[in-house]
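Q: Take this structure first; my questions come after.
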Amino acid sequence: MSAKLVLQGIAVAAFMAMLHSGYSAREYLMYSKSIGRQDLSLPIEIVLECLVSLAIMTVALVVGVGKLKPISYEAEMKRYSIDGVFSRPSFQAFNHRGRYLRPLVDQPAVTQ
């Protein structure tokens, strides 16, 4: 079993633990309101569960992401030729106002 798959599984388990802590917090607050308790602070167990699952999920995702690609301009431009960079067919417009201006250019200049 690959390390990346194990880390993804750990991240999913930590995410499920975070969902569980959110559900527990909601249930605790609803129970506290139903019995009329004024202090609505969460128990330390729920807060710790949320923080520990956040830390575990963050570490698993950061370590399991793998090798990052370089983001420098030179590394990106190595994949393209100069012809591919400057020829953009989507920006070429063949239906423009030049056909209406061309007859004005072709007329001889009026000299006095």
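The values are calculated or read from the model by the stated rules, or taken from the named source; none is laboratory data. Worth saying up front: this structure is predicted, and the values here are computed from it rather than measured. Positions of Cβ are generated from backbone atoms using ideal geometry, with glycine treated the same way; all protein chains shown enter the neighbour counts. Areas reflect the complete protein model, heavy atoms only, side chains present, ligands, DNA and RNA absent. Shrake-Rupley method; radii C 1.70, N 1.55, O 1.52, S 1.80 Å.
Q: Can you figure out the FRET efficiency of Val59 with Arg26, using R₀ = 22 Å and their beta-carbon distance, to the nearest 0.05?
A: Numbers: r = 26 Å, r/R0 = 1.19.
With a Förster radius of 22 Å, E is 0.25.
Q: Right, next: Please report, as a whole percent, how much of the solvent-accessible surface of the range 7-60 comes from carbon and sulfur atoms (probe radius 1.4 Å). Before the final figure, lay out the partial values.
A: Details: 2700 of 3770 Å².
The nonpolar share, carbon plus sulfur, comes to 72 percent.
Q: Give the cross-link partners of Lys67 among the lysines, using a straight C-alpha distance below 24 Å as the criterion and excluding same-chain residues fewer than 8 apart.
A: Leaving aside lysines fewer than 8 places away in the same chain, those within reach of Lys67 are Lys4, Lys78.
Q: Moving on to the next point. By how many nm would the segment from Met77 to Arg37 lengthen if fully extended, with 0.36 nm per residue of separation less the alpha-carbon distance?
A: On the way: separation 40, 0.36 × 40 = 14.40 nm, distance 6.35 nm.
Result: 8.0 nm gained on full extension.
Q: Sort 30-36, 10-16, 68-74 by the packing proxy (mean of other Cβ within 10 Å over each peptide's residues), most packed first.
A: Working: 30-36: 9.3, 10-16: 15.7, 68-74: 7.7.
My ranking of the peptides, most packed first, is 10-16, 30-36, 68-74.
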